[in-house]
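Written out below as structure tokens is the structure these notes cover.
All of the numbers you see were taken from the coordinates with simple rules; none came from a lab. Because the structure is predicted, anything quoted here is derived from the model rather than measured. All Cβ positions, glycine included, derive from the backbone under ideal geometry; neighbour counts span all protein chains shown.
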Amino acid sequence: MTTLTAPPGTASVRDRDVPVGLFIDGAWRQAARTFAVLNPATGAVVAEVADGTPAEARDALDAAVGAQKGWRDVLPRDRADLFHRAHRLLLERRQHIVEMMTLESGKPLAESDGEFQLSADFFLWYAEQIAHLHGSYAHGSRGAYRVVTTHQPVGPCLLITPWNFPLLMIARKAGAALAAGCTVVVKSAQETPLTCALFVEVLADAGFPTGVVNLVHTTGSSALSAELMADPRLRKVSFTGSTGVGSTLLTQAAAHITNASMELGGDGPFVVLEDADLDLAAEQAIVCKFRNAGQACVAANRIIVQESIAEAFTERFVALTEALRVGDGFDPGTEIGPIISAKQRDRVVDLVAGFADADAELLTGGRALPGEGYFFEPTVFKVHDRDNDLCRQELFAPVATIYTVGSTAEAVEVANDTSYGLAAYVFTKDLSRALAVAEQLDFGMVGVNRGIMADPAAPFGGIKASGLGREGGHGAIYEFLEPKYLAITVDEDVLA
Ligand code: NAD
């Protein structure tokens, strides 16, 4: 499927060129070493990609710092025009980018296409906000002066993205940062650098000025980002990934009081109350749990069902799970692709063994599939004993766990029994009951009779160990802006 070809810095993947270098100061650059990107459906090498070093990351930051003033001063209309040009180019390259996502992340083509649409919509959302950024003007509380507020870009940003939504994460972060007038260094995830490269190529081809967007890939994330975090010229880090790495970055951010936004892990409770539409709840639980083979921070991590309807719900949910078709994302009809890597697949094998050892009841699935790809059967457990560490961890796998509770109050108590606070879900036909429960759930987002929530108009993000800040919605661009207040003396006597 893959041949590495000239010109240097590109590979031919599915007969189309893909940049495989680092993008620094407006040019694609080779590195001394490369690493292999694998197709998780086959284990085959997709391409060899430049393995960036901390020194190259510093070059990228130098470029971002050098471009910052010029980019900040680009007029809002001109900046928005560039965004619109990039958005058009992105749509023109849809098929290529969608196929690349499936190739390196394994997700089925339909899912990659859905992610593409959402990413393009996020990018457009930020484009539309550029010309609408505003300040304010007010009288001083007790003096002859005026309070004028404006906003200025925080400055050069480091954007660190994960592999599970390779296009959405870069589009959502870079869209907001660039719209705000910040320059960026993006660090892609090692598993999915090529989708990020195609996105950055779109920005470069659209005419974003030299140095405004930079991209580094690496097998040494920890050393590379530590180098940048130690540099006081870096003014913001925006990270999506695990809570552990987020915590390390926050510690590093303390050194120079670097602004930080964190989209971290989740332990989403999916609450089905006794008056819910059970067909709808089961169908939405399938999407919420098994999309992207369960590798989503907002996935239903614990399905919490009221006793009186537990059997009826479980029957429906297990039947739908057993009907899911697992396979290569390029095969029409595939609904669940592979796990991202052999290492993650082995983690899922251990996880399932752990639940079995804890006397959870295996209702379906439970096995890794033989072959070169990293496939795992969609699996459902009924959990009887909640006092187990496994029940408090993010599964990040095609493994569903069902818990039974008595009252609505108990459902809320169990749902909140977690250190995370990203997404929760509640299913009931009674709106007032839904609101009462939603208000008590300690989560940043609550889906009411819905298992999917991401939308450019919505503030996406979590509380507690799930993060700081929001992406999307009206406020998201302000995550990359600092308010500035001007106190202006007014000589009111001139009118006397
Ligand atoms: P991860 O934290 O290992 O990796 C995420 C990114 O951080 C990758 O680019 C990785 O290379 C980089 N990284 C790893 N170690 C680093 C270090 N020491 N310093 C700097 N960067 C480092 O997580 P993952 O396994 O790639 O992704 C899964 C996690 O991400 C899950 O916990 C999931 O919930 C979370 N996630 C959260 C959201 C959200 O919006 N809240 C979205 C997607 C994924």
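In nm², what is the average projected area of the convex hull enclosing the Cα atoms of the range 400-496?
Projected over every direction and averaged, the Cα hull of the range 400-496 covers 11.2 nm².
If you wrap the range 276-390 in the convex hull of its Cα atoms and look at it from every side, the mean projected area works out to 7.6 nm².
So what is the diffusion coefficient of the range 127-185 in µm² per second by Stokes-Einstein at 10 °C and 1.306 mPa s, using a Kirkwood Rh over Cα pairs? Write out the running numbers ahead of the final one.
Working: Rh = 13.9 Å.
Estimated diffusion coefficient is 114 µm²/s.
Note on the range 115-228: Rg/Rh from Cα positions, Kirkwood definition for Rh, rounded to two decimals, is 1.11. Please report the orientation-averaged projected area of the range 54-94, defined via the convex hull of its C-alpha atoms, in nm². Dividing the Cα hull surface by four gives the mean projection, 4.0 nm². Relative to the dominant Cα principal axis of the chain, helix 342-357 is inclined by about 40°.
Its alpha carbons considered, the range 44-129 gives a radius of gyration followed by a Dmax of 16.7, 46 Å.
What Kirkwood hydrodynamic radius do you get for the range 227-334 when you take the inverse of the mean 1/r over all pairs of distinct Cα atoms, in Å?
Averaging 1/r across every pair of different Cα atoms and inverting gives 16.9 Å.
If the cut-off is 23 Å between C-alpha atoms, which lysines fall inside it for Lys343, apart from same-chain ones fewer than 8 positions away? In chain and number order, the partners are Lys107, Lys187, Lys289. Remark: the range 327-332, residue by residue, has Karplus-estimated 3J(HN,Hα) of x, 5, x, 7, 7, x Hz, where x stands for each Gly or Pro and the curve is 6.51 cos²θ - 1.76 cosθ + 1.60 at θ = phi - 60°.
Taking every DSSP bridge with both residues inside the chain, close to 50 percent are antiparallel. Volume per residue for the chain equals 161 cubic angstrom (convex hull of Cα atoms).
Between amide H atoms placed 1.01 Å from N, distances below 5 Å from Phe460 occur with Glu471, Gly472, all of them 5 or more places distant or on a separate chain.
Summing -39500 (n - 2.57) over the DSSP H runs of n ≥ 4 in the chain and dividing by its residue number, what mean residue ellipticity at 222 nm do you reach, to the nearest 500 deg cm²/dmol?
Counting only the DSSP helices, I get -12000 deg cm²/dmol.
Computed from backbone phi with θ = phi - 60° and the Karplus coefficients 6.51, -1.76 and 1.60, the 3J(HN,Hα) list for the range 440-448 is 8, 7, 7, 9, x, 9, 10, x, 9 Hz; x is used for glycine and proline. Working note: Karplus 6.51/-1.76/1.60 with θ = phi - 60° gives the range 289-302 the couplings 8, 9, 4, 6, 6, x, 8, 9, 5, 9, 4, 5, 8, 9 Hz, where Gly and Pro are set to x. On the beta carbon distance between Ser308 and Asn449, with R0 = 25 Å, the FRET formula returns roughly 0.85.
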